[in-house]
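Just so you know, all these numbers are worked out from the coordinates, no wet-lab data involved. All of these numbers come straight from a predicted model, not from anything done at the bench. A quick note on method: Cβ atoms are made from the backbone with ideal geometry, for glycine too, and the neighbour counts reach across all protein chains shown.
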Amino acid sequence: MASQDKIKKLIDLRTEAKLGGGEKRIESQHKKGKFTARERIDMLLDEGSFEEFDMFVQHRCTNFGMEKTKFLGDGVVTGQGTIDGRLVFVFSQDFTVFGGSLSETYAQKICKIMDMAMKMGAPVVGMNDSGGARIQEGVTALAGYAEIFERNILASGVIPQISAIFGPCAGGAVYSPALTDFIMMTEEKSYMFVTGPKVVKTVTGEDISVEDLGGAKMHASKSGVSHFMVDDEEEGIMIIRKLLSYMPSNNLEEAPITACSDPMDRMDDILNEIIPANPNMPYDMKDVIYTIADDAEFLEVHRHYAKNIIVGFTRMGGMSIGVVANQPSFLAGVLDIESSRKAARFIRFCDCFNIPILTLVDVPGFLPGSSQEFGGIITHGAKLMFAYGEATVPKVTITLRKSYGGAHDVMSCKQLRGDLNYAWPTAEIAVMGAKGAIEVLHGRKMAELNDADKVKFIAETEIEYNEAFANPYNAASYGYIDDVIEPRNTRFRVIRAFQSLQTKKQVNPPKKHSNIPL
Ligand code: HXC
């Protein structure tokens, strides 16, 4: 064959590979309101940066006449490219080829880019749209999944791993995304479950729709499996790009610092007014976050799950910062099982990737009750405490209002290695609130009083208790609070604190790994 013919053959093969399962199937993908694997990669990466690998790989299955049906690339598009100029590795499952189902060779393609990502110290983004293990392949497909799982595990804490679910993700296949750092799902177009509605019906008799069992809304609000719920793939891809902008490419790099035009020392007078006079009145902690952040930017993670705690990424003075904040406007910002798990996981992510943590405290305590105790709030609360206490990244804590009981200790107090702990003058730091404390301390005495005397006694004792504890100065007198700051000056103090902590070095004792209460 002449050179020109050989080149033409290459071009023809490339054209064929780019069509995946063929035009009819691409059309059907579009009709479902979904993009193809390649369109998704084009949207994700910087224009023209995609370098594809293994375009000519085909499956090796000979069961059920499979040798007669082969597609170039075999159902997954893999390669490398850049996002905002930084190297990332990507795989995108192609539903037009055998429903995006995973074969032995398909798994090898994914493993190859994961191995390269580890070698290069670059993030992996996986876009999932697949019917799971390729049924015709049997155990080699299962082995392929396990090869991917092992790489997900080894890469955890070394390079960021992000999963987008843009279609089906069922059976054991869910465990690769579950092993990654963040999961995103498109509303009404994606679902994740270990067993689908048909099996559920057969085994338990329960009738449930795909959407209710494993849709984006369910996973974003009930199970917490999904960190982001998006309307469509374009929004999802935009969020992945933004999410990566807060992260270093690997655990040995510092978190990115960008240019910042928002003045570091602007005074936010609005914050001097934000705490209501009545300590039982809520306010929206997100207003505080948006006010102090650079250009009011905040990427919230787990927005619909355990809303009593807020977690997400922001920038302050151009520094990438992970924010953990109690939310007084939802369940009074109480800590419970879900909020503890949510915050603990986020803190560990930040700590893996050298992203400093800002903690904003307004917490009345842990949620009391049998459902919490039966569910293991002890273990889950301990998990949050463990995550904070183990983290060696710079940690700045601001107590805005309540900081009571065990929750005070858990929320990045000084003794759990909070580096700089500030409080607003409105802070109340105590073992418990006045009412509860008076019940415990004076219960016997109050039982002897008539109703009128009891009311008077409670009012007087409350004043005495609040004077002693409903302020930050008692804690500050012990040095547990480094300074009491004016609320409007919070942005400046937080930025200066993180700037001063940039050279922080703290190392945990050598060990194989810790045993966080899971
Ligand atoms: C081989 C598959 C496939 C699979 C889909 N296809 N899933 N081929 N193995 N797992 C093929 C179909 O035969 C069809 O081929 C094409 O992909 C498109 O599928 P449709 O069913 O026509 O599409 P749709 O109606 O959109 O339904 C999508 C679906 C359904 C819901 C994903 O295909 C489905 O239920 N598939 C099986 C899901 C499943 O149970 N997978 C195993 C999970 S267990 P043609 O040629 O007809 O167009 C698992 C174990 C992993 O994955 C273990 C790891 C530990």
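Largest first and in whole Å, give the semi-axes of the chain's equivalent ellipsoid, each being the square root of 5 times a Cα gyration tensor eigenvalue.
Values: eigenvalues 505, 134, 70 Å².
For the chain, the semi-axes come out at 50, 26, 19 Å.
State which stretch of the chain is the longest one without any exposed chymotrypsin sites (Phe, Trp or Tyr not before Pro), exposure meaning a DSSP loop state and at most 15 other Cβ atoms within 10 Å.
On the way: sites that count: F56, Y478.
Maximal segment without exposed cleavage sites: 57-477.
For the modelled label position 7 Å from the Cα of D295 along Cα-to-Cβ, which residues of the stretch 238-279 have backbone nitrogen atoms closer than 12 Å?
So the set is 258-263.
Work through the residues other than L367 whose Cβ is under 12 Å from its Cβ and net out their charges, Lys, Arg +1 and Asp, Glu -1. Write down the numbers at each step before the final one.
Numbers: positive: none; negative: D336, E338, E373.
With Lys, Arg at +1 and Asp, Glu at -1, the net is -3.
Where does each of 271-282, 125-136 land if you order them by average Cβ count within 10 Å, highest first? Don't skip to the end; give the middle numbers.
Working: 271-282: 13.5, 125-136: 23.7.
So the order, starting with the most tightly packed, is 125-136, 271-282.
At a Förster radius of 41 Å, what calculated FRET efficiency corresponds to the Cβ-Cβ distance of D453 and C260, to the nearest 0.05?
Working: r = 59 Å, r/R0 = 1.45.
About 0.10, to the nearest 0.05.
7 Å from Cα along Cα→Cβ at both V194 and S28: what's the point-to-point distance in nm?
Output for this residue pair reads 3.1 nm.
How much mean residue ellipticity at 222 nm does the chain get from its helices, if each DSSP H run of length 4 or more adds -39500 (n - 2.57) and you divide by all residues, to the nearest 500 deg cm²/dmol? Numbers along the way, then the final one.
Numbers: 18 runs with 195 residues, N = 518.
Counting only the DSSP helices, I get -11500 deg cm²/dmol.
If the cut-off is 19 Å between C-alpha atoms, which lysines fall inside it for K414, apart from same-chain ones fewer than 8 positions away?
K383, K395, K402, K504, K505
Can you list which of the GluC sites (Glu not before Pro) found in the stretch 388-488 are DSSP loop residues with at most 15 other C-beta atoms within 10 Å? The partial results should precede the final answer.
Numbers: sites: E390, E428, E439, E448, E460, E462, E464, E467; in loops: E448.
Qualifying residues, ordered by number: E448.
Quick one: Cα centre-to-centre distance for the stretch 118-164 and the stretch 412-428, in angstrom?
41 Å
Would you mind telling me the antiparallel percentage of the DSSP bridges in the chain, rounded to 5?
Details: 25 of 65 bridges.
If we restrict to bridges inside the chain, about 40 percent are antiparallel.
Going by Cα centres, the stretch 352-407 and the stretch 193-246 are how many Å apart?
27 Å
If R₀ is 25 angstrom, what is the calculated FRET efficiency for the pair A143 and F53, using the beta carbon separation as r and rounding to 0.05? Let's see the in-between values first.
Working: r = 21 Å, r/R0 = 0.84.
According to the calculation, E is roughly 0.75.
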